[in-house]
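Below is one structure; the comments refer to it alone.
None of the figures in this text is laboratory data; all of them are computed from the coordinates on show. Everything numeric in this text was worked out from a predicted model, so none of it was measured. For neighbour counting, all protein chains shown are included, and Cβ atoms are generated from backbone atoms with ideal geometry for every residue, glycine included.
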Amino acid sequence: MSFSARPAPGIRWSSKSAMASAYRAASTTAQETAAWRPPYLSADAAILPDKDITEARVADLGRNNPHARAAISRLLDMLVGAGLRLSAKPDAAALGLTPEQTRAVRRQIEAEWRLFAYDPLRRCDAQRKVMMPGLLRQLGRRYITSNECAAVLKWRPDGGTRYATCVRVVHPARISNPSGAADKATLRGGLEITAEGEVVAAHIRNRHPGDWIGAGDGSSWERVPARTDWGRPIFIHGFEPEEEDQARGVTPFAALMVQLRMLGKHADHELAAAAVNALFAAFVKSNLPQAEATALVNIASSTFADERLKFYEKNPPRIGGVRIPVLPIGDEIAMNNAPRQSAAFRDFQSAFLQSIASALGLSYEQLAMDWSRTNYSSARAALNEVWRAIRRLFSTFVDQVVAPIYLAFLEEAFDRGYVSVPAGAPAFWDMPGAWTQARWIGPGRGYVDPVKEAQAAGVRIDGVLSTLEAECAEQGGDWEEVIDQIAFENEVLAEKGVQRVTTSTATIIAAEAAQGADAAPQAEGVPA
């Protein structure tokens, strides 16, 4: 289909070169934009050619730049922290389950997840190194740093293993076109893509391209399907595209890399200058005229230096064990009193850290660990903004990384009969989306003022604006575990004859004590 436009009568069309741009942003003649002609590229055309060098520089920042390392650590603490807690939420309405059946299935699934994820033999990890929280931290750290992470779900039915499903974390640098082949429409950045844009397989190099240990066998690739014929995930690519038709991720540090590097170099130079300034406490200077001193050095530099050394060796006078410096004629000691002007360095650094923190979704206080200029209101406002960014990051990480692992685990749990399907409910693969519904509880938000915020939570619950489940999850807890623990503690307290003093009970006791004091008779001669 072709489109054409006809000018209205009386309107003269002119060429683009003969008229000014309608938008200043498109001007090619203005002084501010004449030399600004960035390439107009697709996402993959912008990312893939320079991905290796970009990722190498980010890795170097993570190893050597304290601000970059601090940012990664803070984000990881809020994204995964000590681990993610599963609160299974199978869709009872879709599955046709009664509330009793739903609770029974939930408890079975959560118990089996604990057996799988917290196996002390670490069999959920294909390398047998860490438990599930460690795997998620490793994947989360890479996701934060590179905006993508990868893993392969393997099947290892070792003897005595309750679950054969295990996770093998893969460095994204290993995902590449075999033998360095050029990118094309159906093979981009190591991913096989259909005409519709669906990833059907990944080509994974058997070693990291920069792994010099055993480098001789690092030139082979394995084709890993994205999933099995029936839908079980095999290749996990934790990545949310920012642009249309984007195949691989780009690090969020790309826009900050130059600033972080220059800020680090500036700090290094300030420290080096201060160290040099401190090392030279004093120096010896001569009052000889420059021409005369130059002539002495040029004519007989070795003789002149030797004579100076001999003079110092022959004249070491002391008083009470303390040496008195005796200098050659014409020399004097001058103290280094030049101050190092570094008072403005803190403000200079803070200005850059604020922009870096903002781009990463952190607050300046978190990145710099500087709370000296923060009050409750500003801390709470900053935390609200940061928390919104973290919830978005958390959602994408769960959708892209945690959900496929959970799906593979749950399929095996149903297949082995560890989780029983209630009578009349559909099988797992008939409605996998209904069975895998879950709420993942991440690290707690924390308190700025525990008393005020706990009171506010109580008001929200009492006013039916929130639930106990939501408030517990906000602080990284599971409300059912909290209720069960409270019930158990109350039983023990009752058995021991101990009464829990709640806030309301303490208020009543204090009021009764005050009334009793007012009603008590005053002793004679003692003023009320």
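Potential lengthening of the chain between residue 229 and residue 268 amounts to 8.5 nm, from the contour at 0.36 nm per residue minus the alpha-carbon distance.
Highest average first, the peptides 440-446, 476-482 ordered by how many other beta carbon atoms sit within 10 Å of their residues are 440-446, 476-482. Along its three principal directions, the equivalent ellipsoid of the range 43-253 from the Cα gyration tensor extends over semi-axes of 32, 21, 19 Å, largest first.
With a Förster radius of 25 Å applied to the beta-carbon distance between residue 23 and residue 355, the computed FRET efficiency rounds to 0.45.
Shown here for the range 120-223: GluC sites (Glu not before Pro) in loop regions (DSSP other than H, G, I, E, B) with at most 12 other Cβ atoms within 10 Å, namely 196, 198.
Under a straight-distance cross-link criterion of Cα-Cα below 18 Å, which lysines are reachable from residue 265, leaving out those fewer than 8 residues away in the same chain? Residue 265 reaches no qualifying lysines. For residue 184, the lysines whose Cα falls under 18 Å of its own Cα, not counting residues fewer than eight places away in the same chain, are 51.
Taking 0.36 nm per residue of separation and subtracting the Cα-Cα distance, full extension of the segment from residue 491 to residue 93 would add 139.7 nm. Spin-label model, residue 258 to residue 482: label points 7 Å out along the Cα-to-beta-carbon direction sit 4.8 nm apart. Using the Cβ-Cβ distance between residue 40 and residue 206 with R0 = 35 Å, the FRET efficiency computed as 1/(1 + (r/R0)^6) comes to roughly 0.40. The slack in the chain from residue 475 to residue 240, taken as 0.36 nm per residue of separation less the alpha-carbon distance, amounts to 81.9 nm. Residue ranges 118-124, 74-80, 398-404 sort as 74-80, 398-404, 118-124 when ordered by packing (mean number of other C-beta atoms within 10 Å per residue, highest first). If only the Cβ of Lys and Arg carry +1 and only the Cβ of Asp and Glu carry -1, the dipole of the range 391-452 around its Cα centre is close to 460 debye.
Amide H contacts under 5 Å for residue 170: 150, 151, 152, restricted to partners 5 or more places along the chain or on a different chain, H placed in the peptide plane at 1.01 Å from N. Sequence-distant contacts, meaning Cα pairs under 8 Å at least 6 residues apart, place the relative contact order of the range 43-253 at 20 percent.
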